[in-house]
Amino acid sequence: MDPIGKKLLDVAQKQLGYTEHGSGYTKFGDWYAKNVDGDHDSYFKTAPWCDMFLAWAADKAGVTEQAGQFASTVDHAKWFKDHDAWGHTPEPGALVFYDWSGSGDIDQIDHVGIVEKVDGHTLHTIEGNADGYKLMRKTRSMDEVVGFGYPGKIHVTEAKYTPKHAAPATTVDKVGAPATTTHTHEEQHSGPAGEQLPAQDVVLGGILAIVLCGTVALAAGRAAAAKAPTTPPIRVRKRGKHHRPSTPVALPADVTPADLDAADAGTTVMPALSLAAAHEAEDREFWGRIAHLEEDKELAFWNSLHAEATDSATDEYATTPGFR
């Protein structure tokens, strides 16, 4: 038996006989909408619930990472396949996926349950939404089975604990004190001549390095501050004019601000002529210029000559050998 599936069966057996409400509501769909669906869509409260029951059971059994949490049977089956936990051999504890048309196509899966017992080619299962409304045991053949998902074959990677070996920094009052050895089997680093490096020199060197880095950073900050502009930058209003921090430029003696306002107010906007109106005017002018030619006898004469020339050319083409 699949070990993870055994945990699912233990939960499922305690729910046998559960029946959905008249509206289609189930506690499994309600739980799925609140705890799994990111949008908390109320649709799941009354949706087909065969797979949502298994998601609920996996949560109660503490095996969600091995059994998955799905409302779609097709997506659930593909998830097992992507994790190399998909096959066609029946096994107690395995999740069984059905296609009522018997196509064997994973994209046509209609229903899912969990195998409780295998008897030859007969499966004994526990299924949610069985017969369209109930959590119950069913007996089915292998004819409508698309495949099986094996929760026990899902590999869950656990995060490894990383111990913190670093000791707290040495305080100033302890500088120069004899170093204490916490690991009896570790040896101190030695210099080129095999002599031990004094702990006091190491600590003092570290403090001097910190002081040096701080001095460099402070100097860089002061240099950047010296380059910063002392006057506020020019800001642009929405209508295109600028705020200037300096004194405005003086106007000529014969020009006043009132004159500038009057000049702005006197600006007129030329009416825009649409492209369609321009084309229409051009058409009227063209046909107006050639309208008198329709009654022109000279034009009719030239038209008759053109027609005769066209007819004679057509007859010649038709009687020429090799053309038809």
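Residues that are modelled with pLDDT of 95 or more, part of a strand (DSSP E or B) and open to solvent by 50 Å² or more (accessible area, probe 1.4 Å) are absent from segment 145-152 altogether.
Taking segment 92-131 as the range and being acidic (Asp, Glu) and open to solvent by 50 Å² or more (accessible area, probe 1.4 Å) as the test, the residues that pass are 105, 107, 110, 119, 131. Of the residues making up segment 1-36, those that are without any contact (Cβ under 8 Å) to a residue 24 or more places away in the chain, open to solvent by less than 70 Å² (accessible area, probe 1.4 Å) and either among the aromatic types (Phe, Trp, Tyr) or outside any helix (DSSP H, G or I) (or both) are 24, 25.
The values are calculated or read from the model by the stated rules, or taken from the named source; none is laboratory data. Bear in mind that the values here come from a model prediction, so they are computed numbers and not experimental data. Please note: Cβ atoms are built from the backbone with ideal geometry, for glycine as well, and neighbour counts cover all protein chains shown. Please note that ligands, DNA and RNA were not included when accessible areas were found on the heavy atoms of the full protein model with its side chains. Shrake-Rupley method; radii C 1.70, N 1.55, O 1.52, S 1.80 Å.
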